[in-house]
1. List the relative contact order of the chain as a percent without decimals, with contacts defined as Cα pairs under 8 Å and 6+ residues apart.
2. Between [x] 13.0, 39; [y] 15.6, 49; [z] 14.7, 48, which entry matches Rg and Dmax of the Cα atoms in Å as derived from the coordinates of this structure?
3. Which value, in Å², gives the accessible area per residue of the chain when a 1.4 Å probe is used on the protein heavy atoms?
4. What angle do you read, to the nearest 10 degrees and between 0 and 90, between the alpha-carbon axis of helix 36-59 and the longest principal axis of the chain?
5. With a 1.4 Å probe and all protein chains kept in place, how do S62, S76 rank by accessible area, largest first?
6. Please report, in whole Å, how far the alpha carbons of segment 58-117 spread along each principal axis, starting with the longest.
7. So which residue, out of L50, L91, L20, gets the largest mean-square fluctuation from a GNM of the chain using Cα contacts under 10 Å as springs?
8. If you average the alpha carbon positions of segment 49-64 and of segment 4-44, how far apart do those two centres end up, in angstrom?
Amino acid sequence: MLNDMMKETVEESLEYIPRLIGGIDDVTMLIDEGRYAEANTLLINVIDGLNWSIKAITLTMSFHGYDLDVEKVNESLNALMNGIENLDYQLISDLLNYEIKDILSGYMNHCKKGELN
């Protein structure tokens, strides 16, 4: 039963994370264009998506076997929150584009290779 729930969660994450990455791309594009109000609105949804995705990845680690570096994730998320608090849009864009997307892509690539436990 637990393995079925984990499998379902992993499958859902593999469907959702590409859309989340698309949302991240949209936020960084809006920032690049100086459309900060629109970026902020979308960023709220991206943060909610990141919250769900990181929880899903973490709670199913024994199933998929991807070694998520939780410390690195926390550092990236804390830096992202600092960027948001300081309205540092370049930092927000860089973190989303070069750190957060890398974490999500690493998980996706691992699972697509079929290296599940």
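1. 34 percent
2. Computed from the coordinates, Rg and Dmax of the Cα atoms in Å corresponds to [z].
3. 58 Å²
4. Tilt of helix 36-59: around 20 degrees.
5. Sorted by accessible area, descending: S62, S76.
6. 41, 17, 12
7. L91
8. 15 Å
The values are calculated or read from the model by the stated rules, or taken from the named source; none is laboratory data. These figures come from a predicted structure and were not determined experimentally. Because the Cβ atoms are built from the backbone with ideal geometry, glycine has one as well, and the counts that use them run over all protein chains shown. For the accessible areas, the whole protein counts, side chains as well, though only heavy atoms, and no ligand, DNA or RNA atoms are used. Shrake-Rupley method; radii C 1.70, N 1.55, O 1.52, S 1.80 Å.
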